[in-house]
Amino acid sequence: MRLRAITPIVVAEEELTRRRARYAELAPPGVTVHLDNLPNGPDRLESSDQIRVSEQRVHEVALRTNPDRFDGIFLDCVLDPALEQLQTDSALPVFGITRLVSSFLGSLGLQMAAVARNHAIADELVERIDAFGWSAHLKGVLILDLSLEDISDTDLWNRAVTERLVAGDLAGVDAVINGCSAVEVRPAGGPPVLDPTALALRLIGAGADLFGWDRP
């Protein structure tokens, strides 16, 4: 199954290369992900306005996906930008990371929490999980107060996650969603911290095996 992903922000070439390598490592057998850089969009998500612009630009670019080259669209952001609109407007299947992960956890009866880089992303993540019908399973989103540049610093990000989880109230939480699609998650104490991109791709891979989504 060949998926096209589009970054939610304009990223530098070095960062695009890093993210492409990450997808190559995470994609399960039978699934490939081609990541394109978002053109003419915001260069970071620090506010609701930037999130809305990102959503609009992802929608515009995703609609130009060539169905002869790709079998689906994979939204390269935990905020699942323009997911519902793309499902209406695009002839291709559209996969959202947080919808897949939150639905998986919620359908198992598990209680979840999340971490997010800043307040704007945290607020949007809460709204998205609510829209997917799993707000009763979400115990909260912890703010990491990290910069965009910190996304590529795996050690720094994971130290911040560990510190925030220790300080936060995670009573009754079964799993924590790492609220960024482009970070390598390392195990920490307490509830397991999930790499949502890796889990979403595993779920898509299972669907491809079960329903024969992969083309010859």
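Read the figures in this text as sums done on the coordinates, not as results from a lab. These numbers were taken from a predicted model, which means no experiment stands behind them. Note: ideal-geometry Cβ built from the backbone for every residue, glycine included; neighbour counts use all protein chains shown.
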Between Phe211 and Ala131, what length comes free when the chain is fully extended (0.36 nm per residue of separation minus the Cα-Cα distance, one decimal in nm)?
26.2 nm
Pick out which of Ala21, Ala82, Ala171 has the largest mean-square fluctuation in a Gaussian network model of the chain, springs linking Cα atoms closer than 10 Å.
Ala171
So which chymotrypsin sites (Phe, Trp or Tyr not before Pro) in segment 120-186 are both in a DSSP loop and have at most 10 other Cβ atoms within 10 Å of their Cβ?
none
Near-label residues of segment 106-135 by backbone N, under 12 Å of a point 7 Å along Cα→Cβ of Ser48:
120-121, 123-124, 127
Rounded to the nearest 500, what is the 222 nm mean residue ellipticity of the chain from helices alone, with -39500 (n - 2.57) per DSSP H run of 4+ residues and division by all residues?
-13000 deg cm²/dmol
Span from the segment 21-55 Cα centroid across to the segment 80-151 one, whole angstrom
14 Å
Give, in nm to one decimal, the length gained when the segment between Asp169 and Thr32 is fully stretched (0.36 nm per residue of separation minus the Cα-Cα distance).
45.5 nm
What whole-number value in cubic angstrom gives the convex hull volume per residue for the C-alpha atoms of segment 1-108?
114 Å³
In a solvent-free Debye calculation with one equal scatterer on each Cα, what is log10 I(q)/I(0) for segment 114-204 at q = 0.14 Å⁻¹, listed in the order of the q values?
-0.46
Could you give me the percent of Cα pairs per 5 Å distance bin for the chain, shortest bin first, beginning at zero and ending with the bin that holds the maximum distance?
1, 7, 16, 20, 22, 17, 11, 5, 1, 0
